[in-house]
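Participant: Quick one: this structure, given as C-alpha cells, is what I'll be asking you about.
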Number of protein chains: 2
Amino acid sequence: MMMDFDEKSRQHQLKITPQRTAIFKILTTARNHPTADNVYQEVKTEFPNISFDTVNRTLLTFAEVGMIEVIESNGHCRRFEPNLKTHHHFYCVGCGEITDFFHKEYDNLEIPENISRRFHVTGKRMVIKGLCDKCI
Amino acid sequence: MMMDFDEKSRQHQLKITPQRTAIFKILTTARNHPTADNVYQEVKTEFPNISFDTVNRTLLTFAEVGMIEVIESNGHCRRFEPNLKTHHHFYCVGCGEITDFFHKEYDNLEIPENISRRFHVTGKRMVIKGLCDKCI
DNA sequence: TATTAAATAGGAGTAATTACTATTTGTCAA
DNA sequence: TTGACAAATAGTAATTACTCCTATTTAATA
Ligand SMILES: [Mn+2]
Ligand SMILES: [Mn+2]
Ligand SMILES: [Zn+2]
Ligand SMILES: [Zn+2]
C-alpha cells in the first residue's frame, strides 16, 4: 500500500515527505469521506506541529493526481473520497452523512451520446437522496 | 408561475413579501444552479437595500418546502436547483460548472433494496464527472 | 383597523478555506 | 557523499461563505 504511495508519488514528481506519508496512511484506513479537518486532527497526534494548510494542500494534491477524489457535499465543507472502487452514494439531507453502497446495475450504465461527445468524462456515480435512519 | 408561488406560499404558511416574490421570479428564469450570492446580486438591482441574509434565508426556506432544491457542489459554496423536473448532472471538476441533461434510461432505475429498506429515499440523480469543453 | 407573529435590514460573529513568507527538506547531479 | 535548488512546510494573516443577533417593519387575520 505504501509501495503504491511511493510509486504514485514518483510518477507525479511529488516529494515523499513524512507528512505526506502519514496523511496517505490515514486515508487508507479512513472512515467515510473525511474532511480536511478530520484528517488534520488525526495526523496531529503523530505530527503535533503539522499545519492545517499542509494537510489541506496535500489532500488537494492527492486529488489532483488521482490518489483520492473530491466528492460533492451540500455546500458545507469539502469532503474527500479515499475509496477509488466504483461505488455509489446515499446522501442524507438531514445530517449530511454520505453512505457508500455497491450496486452492479448502476456501474456499467452507458454515458449518453450528447454528454460523451461534448465532454471528457472521467467517472460517474448515482447519488440517492433522502433521510438516514437517525434523521427520519 | 407566480400563481404557483402564491399558492405554494399559502400552503406552507409563508408570507408573500415583495422580497420573496422577487427572489422567486429570479429563480424561474435562473441560469444554471445559482449561488445565494448570484441571486443576491441580481435581486439587488430591484431591491438595493435587501440583505444577503434575507436572500440566503429565503432560498433555504424555499428549499425546505420543496420549491427549489439544494444541490451538492464540491465544497465551494452552496448551489440551488430551481429546476424540479427529473434530470441529471454533468459536473466539471475543472471549473465546477454543473450542466443539466435529460436521459430517460437513468430516470426509472430502481433503488436497491438495501437502500430503500434502510433509508427514506426522496430522490436520485446520476452525476457524471469530467472536464467541460472549456477546461479540456 | 388593530393585533400579532413572521420577516427584514444591518451588522457582528464564525467556520472553512486560501494566501503569504521565511525556513526547512527531499531529490538529483556531480 | 555532498551541495544546489526547487519543492514543501509551519505559522500566520486574509478572505470567503455562511450564520446569528436584534431592533424595526410588515403581511395576515379577525
Ligand atoms: Mn464513497
Ligand atoms: Mn440541474
Ligand atoms: Zn441523517
Ligand atoms: Zn469546466
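Participant: Name the single residue, out of those in segment B:96-111 being without any contact (Cβ under 8 Å) to a residue 40 or more places away in the chain and more than 26 Å from residue A:97 (Cβ to Cβ), that is farthest from the other protein chains (Cβ to nearest Cβ).
Facilitator: Checking each candidate, the answer is B:108.
Participant: Look at segment B:1-38 and say how many of its residues are within 14 Å of chain A (Cβ to nearest Cβ), surrounded by 14 or more Cβ atoms within 10 Å (Cβ to Cβ) and more than 16 Å from ligand 4 (Cβ to nearest atom).
Facilitator: The total comes to 4.
Participant: Output the qualifying pairs, or none if there are none: Cβ atoms under 7 angstrom, residues six or more apart or on different chains, first residue in segment B:112-136 and more than 7 Å from every other protein chain (Cβ to nearest Cβ) and over 22 Å from residue A:130 (Cβ atoms), second residue within 16 Å of DNA strand C (Cβ to nearest atom) and not aliphatic (A, V, I, L, M).
Facilitator: So the pair list comes out as B:134/B:95; B:135/B:92; B:135/B:94; B:135/B:95.
Participant: Consider only pairs whose beta carbons are under 6 Å apart and that are at least six residues apart or on different chains; among these, list those whose first residue lies in segment B:6-32 and is in the same structural domain as residue B:43 (by TED's automatic domain parsing) and part of a helix (DSSP H, G or I) and whose second residue is loosely packed, with under 12 Cβ neighbours inside 10 Å and hydrophobic (A, V, I, L, M, F, W, C).
Facilitator: So the pair list comes out as B:28/B:1.
Participant: Does residue B:105 satisfy being over 13 Å from the mean Cα position of the chain (by Cα), in a loop (DSSP other than H, G, I, E, B) and away from ligand 4 (no atom under 16 Å from the Cβ)? So that I can check it myself, show each step before the final result.
Facilitator: Numbers: over 13 Å from the mean Cα position of the chain (by Cα): yes; in a loop (DSSP other than H, G, I, E, B): no; away from ligand 4 (no atom under 16 Å from the Cβ): yes.
No.
Participant: Contact list please: Cβ distance under 6 Å, first residue in segment B:69-95 and under 20 Å from residue A:34 (Cα atoms) and outside the structural domain of residue B:125 (by TED's automatic domain parsing), second residue within 16 Å of ligand 4 (Cβ to nearest atom) and modelled with pLDDT of 90 or more, pairs at least six apart or on different chains.
Facilitator: Listed pairs, sorted by first residue: B:71/B:79; B:73/B:79; B:74/A:70.
Participant: Ok, one more. Can you name every residue in segment A:48-95 that is crowded, with 19+ Cβ neighbours inside 10 Å, in a loop (DSSP other than H, G, I, E, B), within 13 Å of chain B (Cβ to nearest Cβ) and at pLDDT 95 or above?
Facilitator: A:68
Participant: Among the residues of segment A:105-118, is there at least one that is surrounded by 15 or more Cβ atoms within 10 Å (Cβ to Cβ), of a type in the set (Ser, Thr, Tyr) and at pLDDT 95 or above?
Facilitator: yes
The values are calculated or read from the model by the stated rules, or taken from the named source; none is laboratory data. Being a predicted model, the structure only gives us computed values, none of them experimental. Note that each Cβ is placed from the backbone with ideal geometry, even for glycine, and that neighbours are counted across all protein chains shown.
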